[in-house]
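Right, I'll just put the structure down here and ask away after.
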Amino acid sequence: MYLSLNWLRELTPYEGTSEDLAKVLTMLGLEVEEQFQPFGHLEPVLVGSIRECSPHPEADSLSLCRVDLGEGELRPIVCGAPNCAEGQLVPVALPGTELPSGQQVKNRSVRGQASEGMILSERELGLGEDQSGIMLLDRLCRPGTPLPEALGLRDWIFDMGITPNRGDCLSVLGVAREV
């Protein structure tokens, strides 16, 4: 059975770490076989604010963006999405980030212009199938915030082995009662 730590916290006032909870559950006879973060691969992706967006001088379909990542300086990023515009909050992968597709984001020059990262679509993030343009984020997000935190996707999932004598723990409510 899979159990979400965030869901469990809605039902019980547990404030400890995921490792401590895994030990507690195992001692209660609910063997935790594995624990993982389903969106942990998105931790290096940050919220960015597009401060400037202008047409690329060498290509009609590209834009030159200057993006604020909460670092105090603007990063140049070349973007090919049609919905790219000044003032938007967007997910940004910095050089060194590996995307779910296996692609590595690198510093590079695109038609003579420096690009220090990549503004991403839902499909590139593995969060949906939309690749018609970049993913736009809520105005309440702060530049520099990790994407899982901004989208409320930070969570731990426990894969638990429930023995036949613990039918009372085959639901989140049953496990919350034990915790």
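The values are calculated or read from the model by the stated rules, or taken from the named source; none is laboratory data. This is a predicted model, so every value here is computed, not measured. Here the Cβ is made from the backbone with ideal geometry for all residues, glycine too, and neighbour counts use every protein chain on show. Heads up: the accessible areas ignore ligands, DNA and RNA and are worked out on the full protein's heavy atoms, side chains in. Shrake-Rupley method; radii C 1.70, N 1.55, O 1.52, S 1.80 Å.
Filter the trypsin sites (Lys or Arg not before Pro) in the range 92-179 down to the DSSP loop ones having no more than 14 other Cβ atoms within 10 Å, then list what survives.
Listed in order of number, the matching sites are K106, R111, R139.
Given the DSSP H assignment, sum -39500 (n - 2.57) over each helix run of at least 4 residues in the chain and divide by its residue total; what's the result at 222 nm in deg cm²/dmol, nearest 500?
-4000 deg cm²/dmol, from helical runs alone.
Now, a different point. Could you give me the ³J(HN,Hα) list for the range 59-70, computed from phi with Karplus coefficients 6.51, -1.76, 1.60 and θ = phi - 60°, whole Hz, x at Gly and Pro?
Ordered by residue, 3J(HN,Hα) equals 8, 5, 8, 10, 10, 9, 10, 10, 10, 8, 10, x Hz.
How large is the accessible surface per residue of the range 54-179, computed with a 1.4 Å probe and reported in Å² as a whole number?
Solvent-accessible surface per residue comes out at 54 Å².
Please sort by residue number the GluC sites (Glu not before Pro) in the range 82-179 whose DSSP state is loop and whose Cβ has at most 11 other Cβ atoms within 10 Å.
Filter output for the range 82-179: E129.
So, one more: Using θ = phi - 60° and the Karplus relation 6.51 cos²θ - 1.76 cosθ + 1.60, list the HN-Hα couplings for the range 111-127 in order, rounded to whole Hz, with x at every Gly or Pro.
Using θ = phi - 60°, the values come out as 6, x, 10, 5, 10, 10, x, 8, 8, 10, 9, 4, 5, 5, 7, x, 9 Hz.
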